[in-house]
Amino acid sequence: MNLALLAAQLKKDEGLKLVTYLDPVGLLTVGVGHLVLPQDQLVLGQAITAATCQQWLDADIEQAVVTCFRLWPDFDTLPEDVQQILANMAFQLGQSRLGKFVMLRQAITQRDWPAAARAMRESLWYAQSGNRSKRLTTAMAAQGVPHA
């Protein structure tokens, strides 16, 4: 899986902020969508370095990929684009929320990309995630479609 491509997508989707802020649901966040943890010892408005941001992004991406392998043990056999889509969703949602996408999980297991896109489109996540969800869903629907 191309982790550099995933990191670039996440920077576009999440933005990059070196000062802590409250995300749309009120959670303390910094960097590239990094949920501030108690061990991070940060408060609202506190700055981090670019190096710390990159370190946390790398760790958060690793956790997203681990989540994908937990949900789909054969994750590395999926097409690259599907891996990118699912890792992006895992980064945003975490295992507990992505794991609740029962129809998506089943469709991915069956390699049914149109059903996977449908499951994504019919979720609350789709309505709440704006352009990101539309782009990822469109990319999922395009899997297996011959290019003209």
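Would you tell me the accessible area of residue 1, worked out with a 1.4 angstrom probe on the heavy atoms of the protein chains, in Å² to the nearest 10?
80 Å²
Gain in length, residue 18 to residue 47, computed as 0.36 nm per residue apart minus the alpha-carbon separation, to one decimal in nm? Working shown, then result.
Numbers: separation 29, 0.36 × 29 = 10.44 nm, distance 0.54 nm.
9.9 nm is the gain from fully extending residue 18 to residue 47.
With every protein chain present, what accessible area does residue 56 have (1.4 Å probe, heavy atoms only), rounded to the nearest 10 Å²?
50 Å²
Report relative contact order for region 14-71 in percent, whole number only (criteria: Cα-Cα under 8 Å, sequence separation at least 6).
On the way: 66 pairs, mean separation 17.7, N = 58.
Worked out over region 14-71, it gives 31 percent.
Which value in nm describes the separation of the simple spin-label points at residue 70 and residue 102, placed 7 Å from the Cα toward the beta carbon?
Distance between the two pseudo-spin positions: 2.0 nm.
Between residue 124 and residue 37, what length in nm is gained on full extension when 0.36 nm per residue of separation is reduced by their alpha carbon distance? Working shown, then result.
Values: separation 87, 0.36 × 87 = 31.32 nm, distance 2.56 nm.
That works out to 28.8 nm of additional length.
Could you report region 12-136's accessible area per residue, 1.4 Å probe, as an integer in Å²? Each step should come with its number before you reach the end.
Numbers: 6760 Å² over 125 residues.
Accessible area per residue, region 12-136: 54 Å².
Within region 38-134, report the trypsin sites (Lys or Arg not before Pro) that DSSP leaves as loop and that have at most 16 other Cβ atoms within 10 Å.
Answer in residue order: 100, 111.
Estimate the FRET efficiency between residue 111 and residue 63 by the formula 1/(1 + (r/R0)^6), using the beta-carbon distance for r and 22 Å for R0, to the nearest 0.05. Please report the intermediate quantities before stating the final value.
Numbers: r = 25 Å, r/R0 = 1.13.
Once the sixth-power term is evaluated, E becomes 0.30.
How high is the relative contact order of the chain? Use alpha-carbon pairs under 8 Å, at least six apart in sequence, and give a whole percent. Walk me through the numbers before you get to the answer.
Working: 162 pairs, mean separation 26.1, N = 148.
It comes to 18 percent, rounded to a whole number.
Straight-line reach from residue 11: which aspartates and glutamates fall under 20 Å, measuring Cα to Cα and dropping same-chain residues less than 8 apart?
23, 58, 60, 62, 80, 81
Mind checking the dipole of the chain: about its Cα centre, +1 per Lys or Arg Cβ, -1 per Asp or Glu Cβ, Debye to the nearest 20? Show your work: numbers first, answer last.
Numbers: 13 positive and 13 negative charges, 97 e Å.
In debye, rounded to 20, the chain gives about 460.
When Lys and Arg each count +1 and Asp and Glu each count -1, what net charge do the other residues less than 12 Å away from residue 30, Cβ to Cβ, add up to?
On the way: positive: 17; negative: 14, 23, 40, 60.
Summing Lys/Arg as +1 and Asp/Glu as -1 gives -3.
Match the structure shown to one of the listed values (1) 10.1; (2) 8.2; (3) 9.0 of mean projected area of the Cα convex hull in nm², computed from it, and give that label.
The value computed from this structure is option (3).
The values are calculated or read from the model by the stated rules, or taken from the named source; none is laboratory data. Values in this document were obtained by computation on a predicted structure and should not be read as measured data. Methodologically, a virtual Cβ is constructed for each residue, glycine included, from the backbone with ideal geometry; neighbour enumeration extends over all protein chains shown. Only protein heavy atoms, including side chains, enter the accessible area calculation; ligands, DNA and RNA are left aside. Shrake-Rupley method; radii C 1.70, N 1.55, O 1.52, S 1.80 Å.
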